[in-house]
1. Taking N as the number of residues in the chain, what is its Cα Rg relative to 2.2 N^0.38 Å?
2. Between Ser118 and Gln99, what length comes free when the chain is fully extended (0.36 nm per residue of separation minus the Cα-Cα distance, one decimal in nm)?
3. Give me the lysines in straight-line cross-link reach of Lys149: C-alpha distance below 19 Å, same-chain residues under 8 apart excluded.
4. Which ³J(HN,Hα) values, rounded to whole Hz and listed in residue order, are derived for segment 52-59 from phi using the Karplus coefficients 6.51, -1.76 and 1.60 in 6.51 cos²θ - 1.76 cosθ + 1.60 with θ = phi - 60°, glycine and proline given as x?
5. Report, in whole Å, the centroid distance computed from the Cα atoms of segment 164-234 and segment 238-283.
6. Note down, for segment 195-254, the three equivalent ellipsoid semi-axes (square root of 5 times each alpha carbon gyration tensor eigenvalue), biggest first, whole angstrom.
7. Within the chain, what whole-number % of the accessible surface is contributed by carbon and sulfur, with the 1.4 Å probe and all protein chains included in the calculation?
8. List the aspartates and glutamates whose Cα lies under 16 Å from the Cα of Lys198, skipping any in the same chain that are fewer than 8 positions away.
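The values are calculated or read from the model by the stated rules, or taken from the named source; none is laboratory data. All values derive from a computational prediction rather than experimental measurement. We place every Cβ from the backbone using ideal geometry, glycine too, and count neighbours over all the protein chains shown. Accessible surface is based on the protein model in full, side chains and every heavy atom, while ligands, DNA and RNA are left aside. Shrake-Rupley method; radii C 1.70, N 1.55, O 1.52, S 1.80 Å.
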Amino acid sequence: MKYNVSIFALILLFVGCGQKTDNSKELAFAQQRDSLENIIQQKDNEINDIMGTMNDIEAGFRAINEAEQRVSVARQVEGTSSTDRIRENMQYIQQSMQQNRELINKLRNQLRQGSVHSDQLRRMVDNLTCQMEDKDAQIRQLQAELQAKDMQIGELTEKVEDLSNSVSTLREETTQKSQTISTQDKQLNTAWFVYGTKSELKEQHIIQDGKVLQSNFNREYFTKIDIRVDKEIRLYSRSAKLLTSHPASSYTLVQDAQKQYVLRIQNPQLFWSTSKYLVVLVK
């Protein structure tokens, strides 16, 4: 009986050792599996972050391209509103370009510091960097063209202002010349006449010592007329004699229904050619 009991104890001992060995293997396997799952999850997260950053960069490039198109359309239209649109879109492009630069740097750091090592991803980052450099060159070219256009507009504006100033100066000169011509024309076509009795004319020094208009006569006593308009002068007298010299063929003295004389100037230029003053003696 003792022998059988000992054998049984040995069997239990071997069985117990086998069970402990199997449990250790299962535990180690479970730990390895958890570790691998954590590594896989970490890489998945990193890859998701990387792809999300790349998507943001691509979205940024699309937005920049669309803004460039809007600038191209606005450039074809003149005016303050189109200038404002160009300015707003160029500011948006600059902001988007800066955001893309930051995202590309972020993506490069993700690949450098993360656990994902892929030549394909690195080539994609290099490609995005090249796209960014090309886009920088395009934007600089666009800015140069816009600046050149602004300079041309500035030069045109300056020329227009100079032309406007020249036109204004010319207009002023023309106005002054017109006024001068008008004044001269008015002077050329202005004449003065007076009629009166001998005593009246002497009193105003129009007749003095038998001579007419030889001294400082009273010019205020005369009536001013426009020889182009005033071609008939009523004398309100039945006796009239011209004391100043005027060509006889240039006028007539006629009587109206009351037998009062009326001077009718038939050729004004000829009549006033000898004197712009007319003196008529009446009774």
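1. Scaled against compact globular proteins, the figure is 3.04.
2. Length difference between fully extended and current span is 4.4 nm.
3. Reachable lysines: Lys159.
4. x, 5, 5, 4, 5, 5, 4, 4
5. 18 Å
6. 21, 14, 12
7. Carbon with sulfur: 51 percent of the solvent-accessible area.
8. Asp209
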